[in-house]
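The values are calculated or read from the model by the stated rules, or taken from the named source; none is laboratory data. A quick note: this is a predicted structure, and the numbers were derived from the prediction, not measured. Because the Cβ atoms are built from the backbone with ideal geometry, glycine has one as well, and the counts that use them run over all protein chains shown. Just so you know, the surface numbers come from the protein's heavy atoms only, side chains and all, with ligands and any DNA or RNA stripped out. Shrake-Rupley method; radii C 1.70, N 1.55, O 1.52, S 1.80 Å.
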Amino acid sequence: LLSYDGAGRLSASLAETWSTPDEGVTWEINLRREVRWHGEADTMTANDVLFTYNLLKSEAYAHSPYHDLIKRIASIEAADEYRLVVAGTETGMSVLHALVFPIVSKKHYQDNKGTGPYCLTYADPAIGAELTANGNWWKRTPYLSRVVAQCLQEENGALPLLQIREA
């Protein structure tokens, strides 16, 4: 929803605006409209944020860096399709810093579809993964059209591959 800019300040990403009616206990988050899922016509909504939040709270994601981060959030409610009400566990902006997690759609979760600059082409824990540029991304087209991640069996194998520009 939010991200950090080059100076380390919170900036808009999938959230377009945010405000607090009560000095930082609760925040109203207005989502960017027309953010489309990879290769799909449907858009990201407040329900996708709720799905992601509940997913990250689950024990299945206990080792995710986002699992501890979202402990700053007491609750998230969908006020409407593109507006959220987020309550923090304490006053101030700490809850906003917890809103830097990526968003997934319940509908597209099994298909690994997101809203980011790259689409997952394939993933195999033994081999690696490939990402290709998302032509429908709501920001500018990524500089790299394809990213390939390779799994290496040994740590010392990475440097020689990097030196010959294979990694």
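Quick rundown of the values:
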| quantity | calculated |
| --- | --- |
| 51, 101, ranked by accessible area, largest first (probe 1.4 Å) | 51, 101 |
| Shape category assigned to the stretch 26-70 from the gyration tensor of Cα positions, a/c cut at 1.5 | oblate |
| Estimated distance in nm for a label pair at residue 74 and residue 33, the labels positioned 7 Å out from Cα along Cα-to-Cβ | 3.1 nm |
| Per-residue SASA entry for residue 93, accessible area with 1.4 Å probe, Å² rounded to 10 | 100 Å² |
| Accessible surface of the stretch 18-96, 1.4 Å probe, proportion on carbon and sulfur as whole % | 48 percent |
| FRET efficiency estimate (nearest 0.05) - Cβ-Cβ, residue 22 to residue 59, R0 41 angstrom | 0.80 |
| Around residue 90: net Lys/Arg minus Asp/Glu count, Cβ-Cβ under 13 Å | 0 |
| The stretch 39-141 - percent relative contact order, Cα under 8 Å, separation 6 or more | 21 percent |
| Environment charge of residue 71, counting only residues whose C-beta is closer than 14 Å and scoring Lys/Arg +1, Asp/Glu -1 | -1 |
| Residues with amide H under 5 Å from that of residue 118, placed H, sequence gap 5 or more | 134 |
| Residue-level accessible surface for residue 100, protein heavy atoms, 1.4 Å, Å² | 40 Å² |
